[in-house]
Amino acid sequence: MSHHDSYYYELERRRREELARQRVAQSVREYINRHRESISSMIREGLNKYVSLENINRDIIEIESLLNTNPFMARDISYRVQNGIYHLRNIAIEAKREEERLIREQKSKNKEKILELYYKNIRAIDDPILIDFAKDKFDSLKRELLEEDGKTDRDMVYYTQEIERRIKNIIDSANSSAFEWRAKKEKEREKKILETKIEIIAEELNNEKVELKENEEKKNELLRQIENAKKSLSNENIENLNISNLNEEMDKISKETEDIAITEEVRRDVVKSIIKSLKDSEFTVEHPEIIQDDNGGVVKITAKKPSGKRAVCKIALNGKLEYLFDNYEGLTCVKDIDKFTKELEEIYSVKLSNKQVIWENPDRISKGALNIDNDNKRTL
C-alpha cells in the first residue's frame, strides 16, 4: 500500500509540470505575437529609422526556438524583449521629436532665405511699368511662399532653383507685356503728333492764296489726300496703323504745299520787283493781269511812258520771264532794257539766265516767243 501511494504522487507532479510548461508556452506564443505587433507598429510609425530592431528580432527567434524545450527560459527572454521594445520605442520617439524640431528650425530658416530671395529679385527691378505688369503674379507667388512650411536643407538647392526659375518667368512675361504696352503708347503718341501735323498742314494749305489754276488743282488734290489720311487715322486699329507711311505721305504733302507757296510767293516778288524797276525808269504801270494758258497761266504787266514807249512783261509759273520793249526809235530801247535787267539782278535779286533776244524789226525787240497781246486775261 505504501508503494502504491508513492507512485501516484510522482505521476501527479509530472502532470502538473507538463501543464505548467504548456501554459507558459502558450503565454509566450501570445507574447511573441505582441512583440511582433509592437515591432510592426514601430515600423509603421517610422521609429525604426532611429533605432535598430535587429537584436530584438534575434531574441524573438531565440524565444521561438525554446518554446518546446524550455518555455520557462523563453518566457524570461520574452520579458526582456518586452522591456527592450518599450525602451527602444522611447528612444526612437525622443529621437524623432528632436529631428522634427531640427527640421522645423531648418524649414523656418530656409523659408526666410526663400523670402529674402524673393524680395531681393523684386528690389532689383527698377522699371515701374514692369513691376506693374508683374504685380499679380508676384503677389500670388508671395502668398504661396508664406503659406508653405519651408524646405529642409536637403531640398533647398532644388527648391531655390525652382523659385528663381519662376521669378525669371514672371519677369520675362512682364517684360514682354511692358514692351507691347510701351510700343502701343508710343504709337498712340506718334498718332497724336501725326494728327497735329496733319491739322497744321491742312490749315496752311487752306490758308494758302493760290492764283494759278495749276496750283489750285494741286491744292485740291493735296486736300483730298489729307482727308484720306485723316480717315485712315480714325478708322484703323492702332496696332495695324502704319504711322511711318502716313508720316512720309504728310512730309510729301507738306513739301508740295511749300512748293506751291514758294512758287506763288516767288512770282509775286518778281512781279513786285518788275513793277518797281519799271516805275524807277519812269514808266506808268498798269494793274497786273493773269492770263490763262496751257501752262497754268502767266502774269502780264503793261507799262507806258508819256512818249508812247511801252514795256510788256510776262511772268510764267515755271520761272520764265518774257518782256517786250517797243515804240522806240532804232536801238534806243537797249538802254532801258539794260537798266531794267540790271536792276532786277542787282537791286531786287532776280537772277536772269538763258537770255534769248529776237529782233522782229528795227523798232521792236522781244525776248522769248509768247504772244504778248493774248486777250485771255483777268485782273490780278
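The values are calculated or read from the model by the stated rules, or taken from the named source; none is laboratory data. This structure is a prediction, so every number in the text was calculated from the model and none was measured. Cβ coordinates were reconstructed from backbone atoms using ideal geometry, including for glycine residues, and neighbour counts include every protein chain displayed. These area figures cover heavy atoms from the full protein model, side chains too; ligands, DNA and RNA do not enter into them. Shrake-Rupley method; radii C 1.70, N 1.55, O 1.52, S 1.80 Å.
Some points to look at:
- For segment 167-173, Karplus couplings with θ = phi - 60° (6.51, -1.76, 1.60), whole Hz, Gly/Pro x: 5, 4, 4, 4, 5, 4, 5
- Among the protein heavy atoms, those of V157 account for about 100 Å² of accessible surface (1.4 Å probe, every chain in place).
- Restricting the calculation to Cα atoms, segment 1-142 shows an Rg/Rh of 1.53 when the hydrodynamic-style radius is the Kirkwood one.
- Whole-Hz ³J(HN,Hα) from phi, Karplus 6.51 cos²θ - 1.76 cosθ + 1.60, for segment 187-196, glycine and proline x: 5, 5, 5, 4, 5, 4, 4, 5, 4, 5
- Centre separation in Å (Cα based) which lies between segment 247-321 and segment 42-63: 120
- For segment 21-55, applying the loop criterion from DSSP together with a ceiling of 15 other beta carbons within 10 Å to the GluC sites (Glu not before Pro) yields E45.
- Candidate cross-link partners of K184 among the aspartates and glutamates, defined by an alpha-carbon separation under 18 Å and a same-chain spacing of 8 or more, comprise D127, D132, E195, E236, E239.
- Segment 162-207 gives an Rg/Rh value of 1.48, both radii derived from C-alpha positions and Rh following Kirkwood.
- Among the listed pairs K231/K255; K218/K314; K137/K185; K49/K107; K209/K335, those whose Cα-Cα separation exceeds 32 Å are K209/K335.
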